[in-house]
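In what follows, a single structure is set out as structure tokens and then discussed.
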Amino acid sequence: MKNMKGDKLFIILFLAPAVLITSVFLYFPFFENFFQSFYKTDGFFNSTFVGLDNYKRLLADEIAKKATLNSLQLMLYVAIFQVGIALLLAVMVDSIKVGAGFFRTTFFFPVVISGAAIGLLFTLIYNYRNGLLNEILVSLGFERVLWLTEQSSLYMVAIPTVWSYVGFYFVIFLTAIGKIPQDFYEAAQLEGVTGFQKLTKITIPLIVGDIKVCLVLAITGALKIFELVFIITRGGPARSSEVLGTYMYQKAFVDANVGYGATLAVLMVVIGLTLALVTNKLMKSEDITY
């Protein structure tokens, strides 16, 4: 009994720094943000309590609705293409014998590049006058194309968003696939199971827990997209690529309306938590140990 009390003391001592840091840098800002959403602010220092007025304004705000739909659309692209491409690449790299290290490094490399640098890179690629895409078209005898229009801007932002984080999920899937015992595949091979059947009958069912984690991370991460949209399109043209992150920034820091910006931040948290819980519920699976 005495030893158990000693263990509890050590556990509390080891957990205390993490709890303290999380409380100071995560939970306190969140509750402070929630508190601010009930105030009308003029700058950072003058605020007036307005109750639910910011939330009523949010329900009637057409730009906020447009930004929410754009964020959900980007989230869909990220969940399908970012996670899907990462899974496909992981399966392909796991199946090769030579050069796997090269592909692991190559696919993961974009993850270590800052979002600002990727945004600048794609701004140069989409540039109308001397961008990479238009230079290729001109060299082939075609006319220049305006890539960032009201119809295309969101798709143009989705491309670097998907590309920049495929490597992160690729590494998770590759690690998960690597943990599957080779005995399973050897037994399947003796039964005459083909390569595609191995994927659908063995690999995917055994890593469904990792797929669920990646989907939850992708969904919650997509709501935080800011720098790529801000650098490439600034939410335009005509707010066609406005997302919740850029709209919240505009309200809180450009228009100095911190209270309404805080309300938009609360909306982002609610959407993220709801979709994460729904994903978790739909993909409920038992833990598998080998």
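Convert each backbone phi in region 216-227 into a coupling constant with the Karplus relation 6.51 cos²θ - 1.76 cosθ + 1.60 (shift: θ = phi - 60°), then list the ³J(HN,Hα) values in order as whole Hz, x for Gly and Pro.
With coefficients 6.51, -1.76 and 1.60, one gets 5, 5, 5, 5, 5, x, 5, 5, 8, 4, 9, 5 Hz.
Once every Cα of the chain carries one equal point scatterer and solvent is ignored, give the base-10 log of I(q)/I(0) from the Debye formula at q = 0.09, 0.12 Å⁻¹, two decimals.
Debye output, listed in q order: -0.62, -0.98.
Among the chymotrypsin sites (Phe, Trp or Tyr not before Pro) within region 235-270, which fall in a DSSP loop and have no more than 11 other Cβ atoms within 10 Å of their own Cβ?
For chymotrypsin sites (Phe, Trp or Tyr not before Pro) across region 235-270 that sit outside H, G, I, E and B with at most 11 neighbouring Cβ atoms in 10 Å, the list is empty.
Scale the Cα Rg of region 167-290 by the rule-of-thumb value 2.2 N^0.38 Å and send over the ratio, two decimals.
This ratio for region 167-290 stands at 1.51.
Considering only the other residues whose Cβ falls under 14 Å of the Cβ of Glu143, what net charge follows from Lys and Arg at +1 and Asp and Glu at -1?
+1
For region 203-212, what does the Karplus curve 6.51 cos²θ - 1.76 cosθ + 1.60, with θ = phi - 60°, yield as ³J(HN,Hα) per residue in whole Hz, taken in order and with x for Gly and Pro?
Taking θ as phi minus 60°, the curve returns 4, 4, x, 7, 10, 4, x, 5, 4, 4 Hz for region 203-212.
Using just the helices of the chain, give the 222 nm mean residue ellipticity in deg cm²/dmol: DSSP H runs with n ≥ 4 each add -39,500 (n - 2.57), and the total is spread over all residues, rounded to 500.
Estimated from H runs of four or more residues: -20500 deg cm²/dmol.
Report the charge-dipole magnitude of region 11-170 in Debye, nearest 20, computed about the Cα centre from +1 at each Lys and Arg Cβ and -1 at each Asp and Glu Cβ.
Details: 9 positive and 9 negative charges, 37 e Å.
Computed charge dipole of region 11-170: roughly 180 debye.
Taking only the Cα atoms of region 1-148, how large is their convex hull per residue, in Å³?
297
Looking at the chain, identify the longest residue range that excludes and avoids all GluC sites (Glu not before Pro) in DSSP loops having at most 13 other Cβ atoms within 10 Å.
The longest uninterrupted stretch comes out as 1-142.
Using a 10 angstrom cutoff on alpha carbons, build the Gaussian network for the chain and name the most mobile of Asp183, Asp210, Asp255.
Maximum among the listed residues: Asp183.
Between Rg and the Kirkwood Rh of region 96-135, both from Cα atoms, what is the Rg to Rh ratio?
Rg divided by Rh gives 1.21.
Can you find, among Leu244, Leu26, Ala60, the residue sitting farthest towards the positive end of the charge dipole of the chain, where Lys and Arg contribute +1 and Asp and Glu -1 at Cβ?
Leu26
For q values of 0.21 Å⁻¹, compute log₁₀ I(q)/I(0) with the Debye formula on a Cα-only model of region 9-57, without solvent.
Summing over Cα pairs of region 9-57 leads to -0.75.
Would you mind checking the pairs Lys65/Lys212; Lys66/Lys212; Lys66/Lys251; Lys212/Lys251; Lys40/Lys66; Lys56/Lys224 and listing those with alpha carbons more than 26 angstrom apart? Mind showing how you got there, number by number?
On the way: Lys65/Lys212 28 Å; Lys66/Lys212 28 Å; Lys66/Lys251 15 Å; Lys212/Lys251 34 Å; Lys40/Lys66 23 Å; Lys56/Lys224 23 Å.
Correct reply: Lys65/Lys212; Lys66/Lys212; Lys212/Lys251.
What does the charge dipole of the chain about its Cα centre add up to, to the nearest 20 debye, if the Cβ of each Lys and Arg holds +1 and the Cβ of each Asp and Glu holds -1?
340
Among Val91, Val50, Leu124, flag the residue with its Cα farthest along the positive direction of the charge dipole of the chain, charges on Cβ as +1 for Lys/Arg and -1 for Asp/Glu.
Toward the positive end, the furthest listed residue is Val50.
Taking the Cα atoms of region 135-213, report the difference between the largest and smallest coordinate on each principal axis, in whole Å and largest first.
Sorted from largest, the Cα extents of region 135-213 read 57, 29, 19 Å.
Contact order normalised by length for the chain, with contacts defined as Cα pairs under 8 Å and 6 or more residues apart; what percent is it?
Answer for the chain is 29 percent.
The numbers here are math on the coordinates, done by the rules we state, and not lab data. Here the structure is a predicted model, which means the values were calculated and not measured. Don't worry about glycine lacking a Cβ; one is built from the backbone with ideal geometry, like all the others, and counts go over all protein chains shown.
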